[in-house]
Structures are given as C-alpha cells and as structure tokens.
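A short write-up of the structure that comes next.
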Amino acid sequence: MSDAVQICNRALQRLGAKRITSLTQDVPNARSCNFAYEPVRDAELRAHTWSCAVKRAQLAEDSTEPLFGKSARFALPSDFLRLLPLDPVQNDNTFDYQIEAGYIYTNYTAPLNIRYVYRLESVPLMDTLFREALSMRLAMELCEEITQSNTKLQLLQDDYKRVLREARRVNAIERVAQDPPDDTWITVRN
C-alpha cells in the first residue's frame, strides 16, 4: 500500500467510507481520491511554510532576455510552489522580483539564490501533523461527493481548523523565530 493511499484512507475513515487498496483501484472512492489527492496536497503545502517542504536553490540565468522591465529571468524549479524570503528570520521579502509564467524576473545577476516551498511528494518526509492536516483537508474535499452530508462537512471543517492550528504551532516551534514585518507607520517616514 502506497503512503498516499494511507493518507487517503485516513480521509475516508473520517468520512465513514469504505477504504481503498490503491489510487488506481476501479471503485468510486479510489477514483475520487486519485482525482483530489495531488491538488489538495499542493494547496496545503503552498498555504503555509511547512519546515518539511522548504528547499534552497541556485538558479542559472535564462538565455532569453525579458522583453522589457527587469534585466534577467530565471526558470523556477519544476517542484516550485511558493517563494520564501532568503533569510528565514526576516518576515518580509526585500527581494525585488516578479514571478510570471514559470520564471522569476529580476535585476539580480546569476546565480540567483532562492528559498522556496517545494512539491513534497514523498509521504515519509512529511511531518506527521502535516499528514493529519492533509487527510482532514482531503476528507473535506471528498465529503460532498462521498457522503452528501453538510453536517459531516461542518464537523470536518471544525476538526480541520483544530488539527491545522496544532500542526502550525508545532511547525513554528521547530523553526527559527521570525521578526514581525515593519509597520507602514514606521516605514512611511523613510
């Protein structure tokens, strides 16, 4: 049984639905899980800076120059989900850039150092509480299709908020403390 199937089965368990043996199994629950798993996983990874899904990279400059505006462009990694500040302590991003169509446009020169949230596909590398939050979010996404119960969906949403709060709290403890962003009341004077 694949690890993604375990997360899906945890979601199906929360729904009181029949479990599956693979995502390619020819049953309605497997088809629903197969359709929803990757988009829900990627959305959950992108929504928060999970320590288990942060990478660093040095990007080479693309050979094609931008038509106008910035002076260079850099192709984003294939597993890119969200750009993060270079300094994990800083809570603001002072990096001057634009992201468009799979490229970072900037005036910086190569190599371009970045930190980013990546598409974490290996379930064993996922934090345990992140897996719980993911299974809750997946259960919410599948609830209408599998149970047709708005009451169950409301209960799942409440449970999801509780699990997500705990997962984010533990994740924050394991990261370096971040400075709060500068208030505009102070920065407007500069």
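The values are calculated or read from the model by the stated rules, or taken from the named source; none is laboratory data. Keep in mind the model is a prediction, meaning the values are calculated, not measured. Positions of Cβ are generated from backbone atoms using ideal geometry, with glycine treated the same way; all protein chains shown enter the neighbour counts.
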| query | Under the condition of being of a type in the set (S, T, Y) and closer than 27 Å to V123 by Cα, which residue from segment 50-89 is modelled with the highest pLDDT? | reply | S78
| field | Residues that are farther than 25 Å from T151 by Cβ and of a type in the set (S, T, N, Q), drawn from segment 4-53 | value | Q6, T21, S22, T24, Q25, N34, T49, S51
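Do we have A57 as within 18 Å of the chain's Cα centre (by Cα), surrounded by fewer than 16 Cβ atoms within 10 Å (Cβ to Cβ) and at negative phi here? Quick ask: steps written out before the conclusion?
On the way: within 18 Å of the chain's Cα centre (by Cα): yes; surrounded by fewer than 16 Cβ atoms within 10 Å (Cβ to Cβ): no; at negative phi: yes.
Spelling it out, it is not the case that A57 is within 18 Å of the chain's Cα centre (by Cα), surrounded by fewer than 16 Cβ atoms within 10 Å (Cβ to Cβ) and at negative phi.
Name the single residue that is modelled with the lowest pLDDT among those in segment 146-177 being in a loop (DSSP other than H, G, I, E, B) and in contact with a helix residue (DSSP H, G or I) (Cβ under 9 Å, 6 or more places away or on another chain).
Looking only at segment 146-177, we keep the residues that are in a loop (DSSP other than H, G, I, E, B), and these are 148-149, 174-177.
Applying the additional criterion that residues be in contact with a helix residue (DSSP H, G or I) (Cβ under 9 Å, 6 or more places away or on another chain) yields 149, 174-175.
Values: S149: 89, E174: 72, R175: 63.
The extreme case among them is R175.
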| field | Every pair of residues 6+ apart whose Cβ atoms lie under 7 Å, when the first sits in segment 128-150 and is assigned by TED's automatic domain parsing to the domain that holds G16 while the second is among the polar types (S, T, N, Q) | value | M140/Q157; L142/S32; C143/S149; E145/S32; I146/N29; I146/S32
| One residue from L84, L67, L112 being aliphatic (A, V, I, L, M), over 21 Å from P39 (Cβ atoms), surrounded by 14 or more Cβ atoms within 10 Å (Cβ to Cβ) and over 21 Å from the mean Cα position of the chain (by Cα) | L112
| request: Quickly run through segment 44-86 and pick out the residues that are assigned to a loop (DSSP other than H, G, I, E, B), in contact (Cβ under 8 Å) with a residue 24 or more places away in the chain and of a type outside the set (G, A, S). | output: H48, T49, W50, D62, P66, K70, L76, P77, D79, P85, L86
